[in-house]
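Accompanying notes for the structure given below.
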Amino acid sequence: MKEAVESFEPDVVLTHHLWLLTALVREAFPELPVFAFSHGSDLRQMEKNRKHRLKVINSCRKLDGIFALNDFQKRRICEFYDVSPEMIKITGAGYDKNCFNEHNSEAPRKPGQIVYAGKISKAKGVKSLLDAFEIVSSRRPGAELCIAGSGKGMEYDSLAGRAKKMKGVRLMGNMDQCELAKLFRQSGVFALPSFYEGLPLVLVEAAACGMKLVVSELGGLKDWFGQEMMASQNSITVPLPRMVSVDKPLEQDEDDYAQRFADAISTQIDRASGTEDSSIRKEFVKRKSWESVFDEIEKHI
C-alpha cells in the first residue's frame, strides 16, 4: 500500500469493507482522505469476530466518509461502528450494462431453467435451494437448476455431492461475467435463498437479462428494490426462517422455508412463460448502472 501511494500520489483513497483492510489503510495514511464502501459482509464480521472489533471501530470512526447500499445497512453501520448518520451516504451498487442485458440472446429462453450464482454453502441457502428444487421438479419434470459458483471444505463436498446425484441439476463451476450473462439470457428464474447478504448485485444483473427473481427477504431489500419493483411480477421475496445466528436457520423451520421457496419458483416459472410489461424492471435496472452509481459517489467525494 505504501508503494502504491508513493508512486501514484492519490488525492483520495477508496477502500472496500469496513473491516481490517480499511482499518489498516486509515491508520497508515492519516494525511489522505479515505472513503470506505460497506458491502454487508463486513457487518457480519462485526457480529461474528469480536476479537478485532475495537481496532476496526476506532479506525473506521476516523474515515472521511462511508458509502452504504441502503437505509437498513446505514442504520446498522451507525449502531455497530458508532458513527454519525451524516458520515454515511447511500449509493447502492452498480452493474455492467454492456455485459448484462437482454440483447444478442444466443438461444431461446427456457422458463423452467432456474439459476443460482454464488458461493456453494449452507449460509447461502444452497441446501434449502436443493430441497426446494426437489419439490419443483416433482411438479415440473422438465425443470432444471444451474448452480454457478464454487466452495471449499466438507460443506461444499456434501452439497456438491448431493447436487451431482439429483436429476436436472447442473454444477457450472465458476463462470466469468460474460458466460454468466449468457446463461441468464437463456434462463427463466434466478433464485437467491441466502440467509444473509449485503445487497447482492447479481439480482440486478439477472433482472437486466430479463429473468424473474425469487429471493429471501433480506434486510434492506425492499428499500433497494423500491415499491414498484417489489409490487410487480418481476420479483417474489420469501420470508426467512427463524434464525439461530446471523446466517444459520433454525433446523426445524428449514422444511417450511424450502416449501415456500419452491412455491415462489413455480409461480415465477409460470410468469416467465407468459408475456410481461417490462417497463418497471427496465427502469429499475437503469437506475443501478455503474454510471448512475459513480455519479453519486463522485458527488459525495
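The values are calculated or read from the model by the stated rules, or taken from the named source; none is laboratory data. It should be emphasised that the depicted structure is a prediction, and the values quoted were computed from it without experimental measurement. As a convention, Cβ positions derive from the backbone with ideal geometry for all residues, glycine included, and neighbour counts pool all protein chains shown. Side chains are part of the model used for accessible areas, which takes the heavy atoms of the whole protein and leaves out ligands, DNA and RNA. Shrake-Rupley method; radii C 1.70, N 1.55, O 1.52, S 1.80 Å.
Structural remarks
- Residues that are open to solvent by less than 10 Å² (accessible area, probe 1.4 Å), over 24 Å from ASN98 (Cβ atoms) and not β-branched (Val, Ile, Thr), drawn from segment 196-219: SER216
- Count of segment 223-237 residues which are open to solvent by less than 50 Å² (accessible area, probe 1.4 Å) and under 13 Å from LYS212 (Cβ atoms): 6
- Lone unmet requirement of (1) within 21 Å of the chain's Cα centre (by Cα); (2) closer than 18 Å to GLU205 by Cα; (3) among the aliphatic types (A, V, I, L, M); (4) crowded, with 18+ Cβ neighbours inside 10 Å for VAL293: (4)
- The set of residues from segment 6-20 being of a type in the set (A, V, I, L, M, F, W, C), part of a helix (DSSP H, G or I) and open to solvent by 70 Å² or more (accessible area, probe 1.4 Å) comprises just one member, PHE8.
- Output for segment 105-121, where each listed residue is of a type outside the set (Gly, Ala, Ser) and in contact (Cβ under 8 Å) with a residue 40 or more places away in the chain: GLU106, PRO108, ARG109, LYS110, PRO111, GLN113, ILE114, VAL115, TYR116, ILE120
- Filtering segment 65-80 for residues that are outside any helix (DSSP H, G or I) and open to solvent by 60 Å² or more (accessible area, probe 1.4 Å) leaves an empty set.
- Each residue in segment 244-258 was checked for being over 18 Å from the mean Cα position of the chain (by Cα), in contact (Cβ under 8 Å) with a residue 12 or more places away in the chain and open to solvent by 70 Å² or more (accessible area, probe 1.4 Å), and 2 of them qualify.
- Residue in segment 281-295 that is β-branched (Val, Ile, Thr) and closer than 30 Å to VAL12 by Cα present: yes
- Unique match (being assigned to a loop (DSSP other than H, G, I, E, B), of a type outside the set (Ser, Thr, Tyr) and open to solvent by less than 80 Å² (accessible area, probe 1.4 Å)) among LEU32, LEU43: LEU32
- Qualifying residues in segment 268-282 (those that are assigned to a loop (DSSP other than H, G, I, E, B) and open to solvent by 60 Å² or more (accessible area, probe 1.4 Å)) - the one nearest to PRO108 (Cα to Cα): THR275
- Qualifying positions in segment 123-145 - closer than 16 Å to LYS165 by Cβ and open to solvent by less than 20 Å² (accessible area, probe 1.4 Å): VAL126, LEU129, LEU130, PHE133, LEU145
- Residues of segment 217-238 classified as free of Cβ contacts under 8 Å to residues at least 40 places away in the same chain and in contact with a helix residue (DSSP H, G or I) (Cβ under 7 Å, 6 or more places away or on another chain), total: 5
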